[in-house]
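What follows is one structure encoded as structure tokens, with my remarks underneath.
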Amino acid sequence: MRYMFAAAALATIFLGWACSGGEQVVEERGISIRYSKFEPTTLTVPAGVPVTISLENGDPIEHEWMVGDEAMHERHRTGTEPFHDEIPTEVSLRAYQTRETTIQFDEPGEYLFICHLPGHEAYGMVGTLRVVEG
């Protein structure tokens, strides 16, 4: 499954590069999960630029990395989706799994990233994605 995401990310990068005359810039960031906490808890990324996020779950339990506006988080707080692997801003991670996802936010602002598994948000699995003008 990880190879599929890597292939999709590379295809997205290549397509963007080819369509822009070879000038596409892709940023990279990493988030690790240890003891049911995100590290770092704040990421800053440029608006309008694809950013590949490497997510490493170092815990013996599953986690999620869900980033978006308050309406998206409210849906997931009460949702019943058991696993996320199709939407780049909604990623499930099995125990000790590392996954990559490529996201792009066009509008500057702050978006929370949260693990919505039962009790995880209350425990503090929350962070902030700051999108700033490039």
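The values are calculated or read from the model by the stated rules, or taken from the named source; none is laboratory data. Because the structure is a prediction, the values reported are computed rather than measured. Glycine gets a Cβ as well: all are built from the backbone with ideal geometry, and neighbour counts include every protein chain shown. In case anyone asks, the SASA skips ligands and DNA or RNA and just uses the protein heavy atoms, side chains included. Shrake-Rupley method; radii C 1.70, N 1.55, O 1.52, S 1.80 Å.
Here is a yes/no grid of residues against (1) touching a Ser or Thr at 6+ places or on another chain (Cβ under 8 Å); (2) not in a strand (DSSP E or B):
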{"residue": "ILE53", "(1), (2)": "yes, no"}
{"residue": "ILE61", "(1), (2)": "yes, yes"}
{"residue": "HIS73", "(1), (2)": "no, yes"}
{"residue": "VAL91", "(1), (2)": "yes, no"}
{"residue": "TYR96", "(1), (2)": "no, yes"}
{"residue": "THR102", "(1), (2)": "yes, no"}
{"residue": "ASP106", "(1), (2)": "no, yes"}
{"residue": "PHE113", "(1), (2)": "yes, no"}
{"residue": "LEU117", "(1), (2)": "no, yes"}
Does PHE38 count as assigned to a strand (DSSP E or B) and either farther than 19 Å from MET125 by Cα or of a type outside the set (S, T, N, Q) (or both)? yes
How many of the residues making up segment 1-36 are modelled with pLDDT of 80 or more and open to solvent by less than 80 Å² (accessible area, probe 1.4 Å)? 8
Looking at segment 82-90, can you tell me whether even one residue there is at positive phi and out of contact with any strand residue (DSSP E or B) (no Cβ under 6 Å at 6 or more places or on another chain)? no
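Matching residues to (1) touching a helix residue (DSSP H, G or I) at 6+ places or on another chain (Cβ under 9 Å); (2) free of Cβ contacts under 8 Å to residues at least 60 places away in the same chain; (3) among the polar types (S, T, N, Q):
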{"site": "ALA95", "(1), (2), (3)": "no, yes, no"}
{"site": "GLU100", "(1), (2), (3)": "yes, no, no"}
{"site": "GLU107", "(1), (2), (3)": "no, no, no"}
{"site": "CYS115", "(1), (2), (3)": "yes, no, no"}
{"site": "HIS120", "(1), (2), (3)": "no, no, no"}
{"site": "TYR123", "(1), (2), (3)": "no, no, no"}
{"site": "VAL131", "(1), (2), (3)": "no, no, no"}
{"site": "GLY134", "(1), (2), (3)": "no, no, no"}
Which ones in segment 56-85 are closer than 16 Å to GLN104 by Cα, free of Cβ contacts under 8 Å to residues at least 60 places away in the same chain and within 12 Å of the chain's Cα centre (by Cα)? TRP65, MET66, GLY68
